[in-house]
Amino acid sequence: MSTDAPARPARTLKRIVSHVLLAAVALLFLYPLIFAVATALKPPGETFASPPSLIGSDVRWQNFADVFTYVPFHRYILNGLFVAGAGTLVVLAASAMSAYAFSSLRWKGRDSLFLVFLATLMVPQEVLVVPMFLLMRELGWVDSYASLIFPWAFTAFGTFLLRQFFRAVPYELHEAARIDGAGPVRIFLRIMLPIAKPALGVLAVFTFINFWNSFLWPLIMINDVSERGTVPLGMQLFFGQNGNQWHLVMAAAVVSILPTLLLLIALQKHLVKGIATAGLGGR
Amino acid sequence: MATTPLLSTAAPGRGKPPRRKRPGRRAEQWSAFGFAGPSVVGLGLFTLFPVAMAVVMSLFHWPMLGEPSFLGLDNFKYLFGEDPNFGVALRNTFIFTGLYVPLNVIVALGLAFWINNSRFAQLWRVLFFIPAITPMVANAVIWKMLLQPDGTFAYYLESLFGISAPNFLADGRTALLSVVAMSVWQGFGYNLIVFSAAINEMPSNVLEAAQLDGATGLRKFWSVQLPLISPAMFFATTMTLITSMQVFTQPYILTAGGPGNSTETLVMNVYQAGFQSRDLGLAASGAWILFAIILLITALQFVGQKKWVHYEH
Amino acid sequence: MRKLRRAALALGAVAVAAGALTACGGDADSAGGTKAEDGTVTLDWEMWAGSEDEKAQLDHLAQMVTDANPKIKVNLRTAPFNDYFTKLQTEFATGEEACLVSMQSLRLAGYTDLLEPLGEHVPADGFDPASTAALNLGGKQLAMPFDLASMLVYYNKDAFKAAGLDEPKAGWTIADFETAAKKLTTGGKSGFGMSFADLHTLSLLLSYNDAAPVTDDVKLQFDEQKMIDAVTWYAGLAKDDVGSVPASAADGGWGETQFVNGNAMMAVDGSWNIGSNISSAKFDVGVAPLPAGVGGSKTYVANSGFGVSKSCGYKDEAYQALQILTGPEAAQYLTDQGRSFPARTEQQPAFKEFLVAQDPDNAEAVSAAVDSITASLSTGVPLFTTKNWDEVTKNMARYLIEVYTGASTPADALAAIQQQGARNQ
């Protein structure tokens, strides 16, 4: 908006002041994260120096290595990547397929079923957690990767989001493809999916992050943490028996923040767009 | 681009096939089953069935080990009558929501207007968004360290303002406030982006007209800009309300519900009833009450929106 | 067409992955273990572990079982101690429990119906009687011990010297303890690191005035007058920062952490941490029995061991494995690793040797420390608890901290713990 050309000195000054202030606010806001990185590099025993100082007597990269020897953090990362990756694949496949059925195919009961889909958007995860536990018990899925992936992989949200995209496809395109002899499968794969690519990408990123950060459900489901624990569960280990070793705790926090931070930096445009246009994301 | 497609079921109608006979209707029916099948089955098994199960379970004494027995409404009676924690958890959840939602929206809105004048708007947006996507457990742990009695916050409070800091997470007067502060820091990035996008899309002709009418400063903000972004505000407050009613991880890590039960929230209560006291029926009842409250709040929001949300036509 | 095939392949891969995961998740053939075609039985073993080092020790024990019985394999499953008992409940509730279950004496009451009485299956020769007694409930030996622990006062020798205080000796009293705590509180450091954990707190209360939170027939009595008096005294330590109050109800190991970090000059901690406390503190660590109150110095004795779940499909193999896991060789191995004070009397002297070897300059003090363990064990009493003890400890954390900060009275807090605990006891 503000593209006023006249570069009056007062205006420029105001702008500079505004930016300096903004930078100060941002710095203050990011202080906890900066603090975490700084503490993660401190020698043990200096974590509660008074007055607080960001820099210890020594920069100890060793702390990060210690995180991985102290608990199997690499295992948590791999588990997290696997669960989030597989979960995202299932979400994308199921959502895209049903979005296609709900937008472009004609069948009995379509609209009323879609209303049921919409209604499930209202149900919070916490309501489902208790009966879901029983369901997992019946399926024999307690303490398995499957229990982390499937229960939350069939959200109506993905269907809803992609359906909006598919509906924008002109009917003539369908008709033309059909006249060329293309069946629904082919239309879905060759016309619809490419069109929905941006939406699929955004959905994928947010689904991945939600799986990666999830805490309550893995806390209930996973018994063998050292084998099947995800990163948030692994973080908890540092509060365990051997006292709070804050330099290691912070190093672990930094390690667990890193993947999502990289994802954010790499895909910032898509993420911002996804939130702004589709209200994606967990909050 | 609209900012609120989530809440409007009206989609662009161009893709709707015209009603006329064409060959292969039955084949289409079958392929539709194939395409919709996985989601329908998945949603039925993992959402609809558990919802129904939750109703049934809430009427039973359903221990984690052993046979369930029918109770009628006794679980609900217990929660609202004898349970020393449920009422408090309800109150704490409302206090949390009552503080968290307005603070979140105000901070997000203020910063959104501020950074929109900046050439580096995208950079600021991403910066403020970082904690929103990093694992909540990690964020909470970092704050926990800052809030230690001899930690950074206590030090600066004392050296800069001369206030002797309380033991933030152990003191009933500050524990819940600390949880709110951490949550606002963590969560407002989402709304910042939503608002920021809405501000960018304010129609320039309306703004210029207001400028000509001499509207400036607060008046311009209050009677021109705010109505223009009210759909985004509605969307953001509704979503933030719903999620804040479900707060769990922050108090679980920061305070374990204490001191006393001053930071026990509804979801913590459900978790404890179900997975620590092993009373699944009681947990299901608590979860249902949570669901009912969320539905009620959302309904009130939708009814109330007519008064303050302006959609362009 | 190629694109189509690729997409179809991708979808197929998802489906296969889904199937595979389901298969590896639903390992429902037999409770707690599996039997291979060649007759080799793999027993699941559930145990808590914090660090990789601990896990490596346990894996070594598992290997010892296979070395002794080639037809038995032990598959270790671990969870952090804080979550272990919540997880264990879930496992029993879902029929996923292991054959070999690790058990702490304090939690035994919740598992009387779920663990097989070991009786004549596993001989109890060579164990310190206190260690088997703590895992024996109602005449049934539900688990075999691997360690034996009492509670001790750990103190900062350097701080005592600097303050010109005599170091605590056997027979020191509550009054001595208070005087020391006050004198050691200087320069933002506290004399004593407070706690709300069961053994840490309750042992000191017991030594203070014989206050007991549980009756002889295992019913909660937190609101009893002696408890109120003892908690009033304990909470009084928080005055003038003499006692360092935990930062939140989520800070389980507050006192000992503050101690090791040099922020509190004394703390009550278990004898199982003697090795790690000495090695991780940057000052000289001293150890003394709990200060004597009206009835002399007292402490609860607690320990951990391994039991066999009732549902286990391979009980004979499990008994054999158990005899190795708690046998002399395993005890020797754990002692050499400095894990904790062994339950087997024959290995107990080796624990002292291990600690002395760790800190040879300090040999005299270390060996005195171990002697104080031995001394306290002879006067120690087992703490038998209710089956909802997990819940009780969580409430202790939340309500005791309120007393320490002065937000609540001892009577109110103890009444809350009692009332909520009595419902499911």
Plugging the Kirkwood radius over Cα pairs into Stokes-Einstein for the protein assembly as shown, at a temperature of 4 °C and a viscosity of 1.567 mPa s, what D comes out in µm²/s? 42
Taking every pair of Cα atoms in the stretch A:72-237, average 1/r, invert it to obtain the Kirkwood radius, and report Rg/Rh to two decimals. 1.06
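In the stretch C:126-218, what is the volume of the convex hull around the alpha carbon atoms, normalised per residue and reported in Å³? Numbers along the way, then the final one.
Numbers: hull volume 13.9 nm³, N = 93.
That works out to 149 Å³ per residue.
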If each Cα of the stretch C:272-402 is one equal point scatterer, what is log10 of I(q)/I(0) from the Debye formula at q = 0.12, 0.14, 0.15 Å⁻¹? -0.67, -0.87, -0.96
Over all directions, the stretch B:83-308 yields a Cα convex hull whose mean projected area in nm² is 14.9
For helix A:156-167, report the angle its Cα long axis makes with the longest principal axis of the Cα atoms of chain A; keep it between 0 and 90° and round to the nearest 10°. 50
With contacts defined as alpha carbon pairs under 8 Å and 6 or more residues apart, what's the relative contact order of chain A in percent? 30
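Run the helix sum for chain B: -39,500 (n - 2.57) per DSSP H stretch of 4+ residues, divided by residue count, reported at 222 nm to the nearest 500 deg cm²/dmol. Could the numbers behind the result be given before it?
Numbers: 14 runs with 196 residues, N = 313.
Rounded to the nearest 500, it is -20000 deg cm²/dmol.
Kindly state, as a whole number, the per residue volume in cubic angstrom of the convex hull around the alpha carbon atoms of the stretch A:9-64. Intermediate results must be reported in sequence, preceding the final value.
Details: hull volume 5.8 nm³, N = 56.
Per-residue hull volume (Cα only) is 103 Å³.
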Quick check for me: using +1 on Lys/Arg Cβ and -1 on Asp/Glu Cβ, what's the dipole size of the stretch B:83-308 about its Cα centre, in debye to the nearest 20? 340
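Shielding of B:153-161 by partners, i.e. mean partner chain Cβ atoms within 10 Å per residue? Each step should come with its number before you reach the end.
Details: counts 2, 2, 5, 2, 0, 1, 3, 0, 0.
Across the residues of B:153-161, the mean count of other-chain Cβ atoms within 10 Å is 2.
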Helix-only CD estimate at 222 nm, as mean residue ellipticity for chain C, using -39500 (n - 2.57) per DSSP H run (n ≥ 4): -14000 deg cm²/dmol
With an 8 Å cut-off on Cα pairs and a minimum separation of 6 or more residues, tell me the relative contact order of chain B in percent. 28
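Which links in C:189/C:226; A:269/B:144; C:35/C:73; A:42/C:182; C:87/C:387 stretch past 20 Å when you go from one Cα to the other?
Working: C:189/C:226 30 Å; A:269/B:144 32 Å; C:35/C:73 10 Å; A:42/C:182 31 Å; C:87/C:387 15 Å.
Among C:189/C:226; A:269/B:144; C:35/C:73; A:42/C:182; C:87/C:387, the Cα-Cα distance tops 20 Å for C:189/C:226; A:269/B:144; A:42/C:182.
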So how far apart, in nm, are the two label points at residue A:171 and residue B:207 if each is 7 Å from Cα heading toward Cβ? 4.0
Would you be so kind as to identify all helices of chain B, as entire DSSP H runs, whose Cα atoms reach 24 Å or more along the helix's own axis and whose mean Kyte-Doolittle hydropathy is at least 0.5? B:86-116, B:175-200, B:280-308
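For a 18 Å ceiling on Cα separation, which of these pairs sit above it: C:55/C:352; A:273/B:220; C:161/C:183; C:157/C:282; C:157/C:183? Could you put the intermediate results ahead of the total?
On the way: C:55/C:352 23 Å; A:273/B:220 27 Å; C:161/C:183 11 Å; C:157/C:282 11 Å; C:157/C:183 14 Å.
Over 18 Å apart, Cα to Cα: C:55/C:352; A:273/B:220.
Just in the stretch B:45-129: which trypsin sites (Lys or Arg not before Pro) are loop by DSSP and have at most 10 other Cβ atoms within 10 Å? Could you put the intermediate results ahead of the total?
Working: sites: B:77, B:91, B:119, B:125; in loops: B:119.
Within the stretch B:45-129, the qualifying trypsin sites (Lys or Arg not before Pro) (loop, at most 10 other Cβ atoms within 10 Å) are B:119.
What per residue convex hull volume, in Å³, do the alpha-carbon atoms of chain C yield?
Values: hull volume 78.0 nm³, N = 425.
In chain C, the Cα hull volume divided by residue count equals 183 Å³.
In what sequence, highest mean first, do C:117-128, B:256-267, C:407-418 appear when ranked by Cβ atoms within 10 angstrom?
Ranking, from highest mean packing down: B:256-267, C:407-418, C:117-128.
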Within the stretch C:247-276, name every residue whose backbone N is under 14 Å away from a label modeled 7 Å from Cα of residue B:157 along the Cβ vector. C:247-248
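So for chain C, averaging the separation of alpha carbon pairs under 8 Å that are six or more residues apart and normalising by length, what relative contact order in percent results? Provide the component values of the computation, followed by the final result.
Working: 783 pairs, mean separation 100.1, N = 425.
24 percent.
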Scattering from the C-alpha atoms of chain A alone, worked out with Debye: what is log10 I(q)/I(0) at q = 0.08, 0.15 1/Å? -0.51, -1.17
Just grab the label-to-label distance for residue C:36 and residue A:268, each label 7 Å out from Cα along the Cβ direction, in nm (one decimal). 5.4
Using all C-alpha to C-alpha distances in the stretch B:50-194, build P(r) with 5 Å bins and read off the rounded percent in each one. 2, 8, 11, 13, 13, 13, 12, 10, 7, 5, 3, 2, 0
Calculate how steeply helix A:125-139 sits against the longest principal axis of the alpha-carbon atoms of chain A, using the helix alpha-carbon long axis, and give the answer as 0 to 90 degrees to the nearest 10. 80
Semi-axes, largest first, in whole Å: what does sqrt of 5 times each Cα gyration tensor eigenvalue give for the stretch B:201-284? 47, 14, 8
Specify the angular offset, from 0 to 90 degrees and rounded to the nearest 10, of the alpha carbon long axis of helix C:225-236 from the longest principal axis of the alpha carbons in chain C. 80
Binned at 5 Å from 0, what are the whole-percent values of the Cα-Cα distance distribution for the stretch A:2-111, short to long? 2, 9, 9, 9, 8, 8, 8, 8, 9, 10, 10, 6, 3, 1, 0
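Every number here is computed from the coordinates shown, using simple stated rules; none is lab data. The structure displayed is predicted, hence computed values, not measured ones. Here the Cβ is made from the backbone with ideal geometry for all residues, glycine too, and neighbour counts use every protein chain on show.
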